[in-house]
1. Answer yes or no: is there a residue in region 170-188 that is part of a helix (DSSP H, G or I) and among the aromatic types (Phe, Trp, Tyr).
2. One residue is enough: does region 54-69 have a residue meeting the conditions of a type in the set (A, V, I, L, M), closer than 20 Å to Leu197 by Cβ and modelled with pLDDT of 90 or more?
3. With under 13 Å from Tyr235 (Cβ atoms) and under 29 Å from the mean Cα position of the chain (by Cα) as the only criterion, which of Val12, Val25, Val20 stands out?
4. Does Ile134 meet the test of being surrounded by fewer than 19 Cβ atoms within 10 Å (Cβ to Cβ), in contact (Cβ under 8 Å) with a residue 40 or more places away in the chain, assigned to a helix (DSSP H, G or I) and not small (Gly, Ala, Ser)?
5. Take the residues in region 224-250 that are open to solvent by 70 Å² or more (accessible area, probe 1.4 Å) and part of a helix (DSSP H, G or I), then tell me which one is modelled with the highest pLDDT.
6. Return the residues of region 148-186 that are open to solvent by less than 80 Å² (accessible area, probe 1.4 Å) and closer than 15 Å to Val82 by Cα; say none if nothing qualifies.
Amino acid sequence: MLLRGLGGALVVAFALIIIVPLMIVLLASLKTSPQFIQDPLGLPDSFSLANYAALFAKQPMWTYFGNSVFVTLATVAGELLVAGMVAYGIIRTGRRTGGWMFGLFAAGLMVPTQVNMIPIYQLVHQLGWSNSLIGLSLVTIAMLLPLSVFMLGGFMRTLPGELFEAGAIDGASEWRLLTRIALPLAAPYFAATACFLFVIVWNDLLFPMLLLTGKDKLTLPLAMLQFRGEFVTDYPMLLTGVVVASIPIIVVFVLLQRFFISGALAGSMKG
């Protein structure tokens with residue numbers, strides 16, 4: 001009984017840690033700047049959506065929103081395609097060689113992203129990909145590849161090897177084994193990885209700041225910096241942008257939560 005009560009208290013505390021900051025951000029987006037400065041944690045004097053209307057009236061938010069959607073979808077789709085084939089190749093290679101290859105990609109997780117900023121910038125500039133959403137997507141795919149291979153490789157190792165052996169005996173090619181056996185069985189794992197990648201790419205600020213220069217190419221996180229001045233920051237407008245930028249993440253998680261949970265549980269039960 002004591003352990004159950006302690007567990008319930010921990011769940012409530014964890015829920016409050018998540019909910020309270022979200023409520024503060026949501027309420028702040030309904031305030032004016034003087035109201036926020038006077039009482040940043042209190043309720044707004046009146047519940048008005050003026051900040052949301054002003055956000056889209058003063059800034060080309062739909063352009064920024066479209067840029068973020070394009071970069072995120074292109075990156076996640078490309079990442080799953082490349083990482084899925086690499087992870088499949090690793091599990092289909094011998095245990096010794098596959099283990100070395102998996103360890104090589106896992107080692108890539110130990111290299112801080114900031115270490116590669118100057119070489120990446122020089123390479124992108126030489127390739128003519130500067131200020132390009134496609135170039136940004138390709139760079140992000142390459143940088144997230146170790147993480148994606150690590151996740152998908154760990155998931156796909158749980159697939160029964162007997163299925164691939166049976167398919168190979170029936171004369172199926174490796175491509176057919178991948179598309180007809182591995183991918184359907186690993187669909188929950190791909191959905192879980194897609195959720196994780198979506199959050200990372202959608203909220204990414206480092207690479208857009210490094211590679212994008214034109215105002216018409218800004219993504220939402222980078223566009224939010226426009227509300228921060230050298231001496232004054234418009235916090236209500238900034239937090240309004242945060243609320244708007246958070247909506248797609250919530251929608252994606254709601255749509256994919258069934259696959260995310262099933263993939264996570266399957267990995268934990270079989271791993």
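The values are calculated or read from the model by the stated rules, or taken from the named source; none is laboratory data. As the structure is a prediction and not an experimental result, all values here were calculated from the model. Neighbour counts are summed over all protein chains in view; Cβ atoms, including those assigned to glycine, are modelled from backbone coordinates with ideal geometry. Each accessible area value is taken on the protein alone, full model and side chains, heavy atoms only, with ligands, DNA and RNA left out. Shrake-Rupley method; radii C 1.70, N 1.55, O 1.52, S 1.80 Å.
1. Within region 170-188, one or more residues are part of a helix (DSSP H, G or I) and among the aromatic types (Phe, Trp, Tyr).
2. Yes.
3. From the options Val12, Val25, Val20, the qualifying one is Val25.
4. yes
5. Only one residue tops the list, namely Ile247.
6. Matches in region 148-186: Ser148, Val149, Met151, Leu152, Gly153, Met156, Leu178, Thr179, Ala182, Leu183, Ala186.
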